[in-house]
Amino acid sequence: KPQLVASNDRFCRFLEEYCPVVTETYYPTIWCWEGRVQTLLRPFITSRPQVQYRNELIKTADGGQISLDWFDNNDSLYYPDASTRPTVLLLPGLTGTSKESYILHMIHQSETLGYRCVVFNNRGIAGEDLLTPRTYCAANTEDLEAVIHHVHSLHPSAPFMAAGVSMGGMLLLNYLGKTGRDTPLMAAAIFSAGWNVFESVESLEKPLNWLLFNYYLTTCLQSSISRHRQMLEKLFDMDLVMKACKNVTSALAGYCFPNADIVPYLNSVLQARTVREFDKRFTSVMFGYRTIDDYYEDASPCRKLKSVGIPVLCLNSVDDVFSPGHAIPVETAKQNANVALVLTSCGGHIGFLEGIWPRKCTYMDRVFKQFVQAMFEHGNKIFSM
């Protein structure tokens, strides 16, 4: 059975009644029970439901653009009125987009319930061009704030939730920790978030984990930069980055170099061998942090969990190499009545495969479906039970 951690008895009773999957025994697929195997195999084993998106590009205050992929679910039988149709905002992982299998499964689950979904693709990774010399990171929530405001303004009468996976979950938690109750979201679901970035990168730098995961992630990040290299070489003016970032420090003065000097700088980024090296040379510099430790401290959701002001359900597996079990903030979660943790002993990172041949629904998919349905249909009962 998973471990359910929550300080609020009413929240626990609510979950036990309307989201019973969090108390049921989870039986991982017996031939791939180990966390790293679960993590590696899920993208290849699980099906990819067909989803027809409607793409929308929205402009940001700094002149950039964000790609949103909408699944409107206009054939919804339960919610035929689009103005009040419940909406779920989905946030993929570090290099993920709306095409990831776990996102497609979330949309499939939402479709059966009659809900509308919109996927927030981070800048520059879903095929759209970068219009400014800025990408994204787990700590900076400005783009997410813009997206939430935009979606809510389009459907102000529709119940509104969000679900984040991996880095998407970290970004969502950091946003919730910043805004508290001042958000149009009524609740959120978080899956396989990295709670403490220092512990996550240390785990990923162990030899086997580096070989299986870290190197691949680093090359994916580098590919994104390489794809936009021509624009970066022309436009990577740190003065623009300074204007775009609110927390710029004087340390960036050394990086305000002319365009001619950016080529060796980008070359050093593209030679990074780990996610930590990439973040040190690129991400922390772009977003104005004095050191990489400053960035990692700001990006770690465990430091903001006490400030979350809406109901949040977080699913993690303690054998997740991206988010080690010892770094999950169990004691901190117990100090916030709005937070519930569901911890499984197996499942890996965005794995949670179950059944002999785990082609379709996973434990994570079932948690997502039951929780969003519980909140949209019974959320008003959560603190009255």
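Against the criterion of solvent-accessible heavy-atom surface with a 1.4 angstrom probe, H149, H155, H108 sort, most first, into H149, H108, H155.
Could you work out how far apart the two model spin labels at T219 and S307 are, taking each label as a point 7 Å from the Cα in the direction of the beta carbon, and quote it in nm? For the pair T219/S307, the computed spacing is 3.9 nm.
Computed from backbone phi with θ = phi - 60° and the Karplus coefficients 6.51, -1.76 and 1.60, the 3J(HN,Hα) list for the range 274-285 is 9, 4, 4, 4, 4, 5, 5, 8, 10, 4, 5, 5 Hz; x is used for glycine and proline. Computed extension gain for A337 through T291, at 0.36 nm per residue and net of the alpha carbon distance, reaches 13.2 nm. Placing one identical point scatterer on every Cα of the chain and ignoring solvent, what is log10 I(q)/I(0) from the Debye formula at q = 0.08 Å⁻¹? Rounded to two decimals, the profile gives -0.39. Separation of the range 128-202 from the range 331-376 is 18 Å, based on Cα centroids. Near T46, no amide H atom lies under 5 Å from its own; only residues 5 or more places off or on other chains count, and H is placed 1.01 Å from N. I want the antiparallel fraction of DSSP beta bridges within the range 14-122, as a percent rounded to 5. If we restrict to bridges inside the range 14-122, about 75 percent are antiparallel.
Converting phi to 3J(HN,Hα) with the Karplus coefficients 6.51, -1.76 and 1.60 and the offset θ = phi - 60°, the range 344-354 yields 9, 7, 10, x, x, 9, 6, x, 6, 5, 8 Hz in sequence order, with x at every glycine or proline. FRET efficiency for the pair D9 and Q52, taken as 1/(1 + (r/R0)^6) with r the Cβ-Cβ distance and R0 = 30 Å, rounds to 0.10. Each Lys and Arg Cβ is given +1 and each Asp and Glu Cβ -1; about its Cα centre, the chain then shows a dipole of about 160 debye. Over the range 1-70, the fraction of Cα-Cα pairs per 10 Å bin, rounded to whole percents and listed from the shortest bin up, is 14, 21, 22, 32, 10, 0.
If you filter the range 289-385 for trypsin sites (Lys or Arg not before Pro), then keep DSSP loop positions with at most 13 other Cβ within 10 Å, what is left?
Working: sites: R290, R303, K304, K306, K334, R359, K360, R366, K369, K381; in loops: R290, K304, K334, R359, K360.
Of the trypsin sites (Lys or Arg not before Pro), the ones in loops of the range 289-385 whose Cβ has at most 13 other Cβ atoms within 10 Å are R359, K360.
A crude spin-label estimate for the pair S345 and T112, with each label 7 Å from Cα along the Cβ direction, gives 2.8 nm. The heavy atoms of L40 present about 70 square angstrom of accessible area, all protein chains included, probe 1.4 Å.
Which whole-number value in Å² is the accessible area per residue of the chain, probe 1.4 Å? Walk me through the intermediate numbers first.
Working: 15880 Å² over 385 residues.
For the chain, the solvent-accessible area averages 41 Å² per residue.
Roughly what angle does helix 215-227 make with the longest principal axis of the chain, taking Cα atoms, 0 to 90 degrees, to the nearest 10? Orientation of helix 215-227: about 60 degrees from the principal axis.
Hey, any idea what % of the chain's accessible area is carbon plus sulfur with a 1.4 Å probe?
The value for the chain is 52 percent carbon and sulfur by accessible area.
Computed from Cα atoms, the angle from the helix 9-18 axis to the main principal axis of the chain rounds to 70 degrees. Taking each residue as 0.36 nm, the span from H150 to E202 lengthens on full extension beyond its C-alpha to C-alpha distance by 15.0 nm.
Applying 0.36 nm per residue to the separation of I356 and E24 and subtracting their alpha-carbon distance, the gain on full extension is 117.7 nm. Computed from the C-beta positions of F44 and F383, the FRET efficiency with R₀ = 35 Å rounds to 0.25. Each residue of the range 172-189 was assigned a 3J(HN,Hα) from its phi angle through the Karplus curve 6.51 cos²θ - 1.76 cosθ + 1.60 (θ = phi - 60°); the sequence is 5, 5, 5, 5, 5, x, 7, 8, x, 8, 7, 8, x, 6, 8, 5, 8, 10 Hz, with glycine and proline shown as x.
The values are calculated or read from the model by the stated rules, or taken from the named source; none is laboratory data. Just so it is clear, the model here is predicted, and its values are computed rather than measured. Reconstructed Cβ throughout: ideal geometry from the backbone, glycine too, with neighbour counts over all protein chains shown. SASA here: full protein model, heavy atoms, side chains in, ligands and nucleic acids out. Shrake-Rupley method; radii C 1.70, N 1.55, O 1.52, S 1.80 Å.
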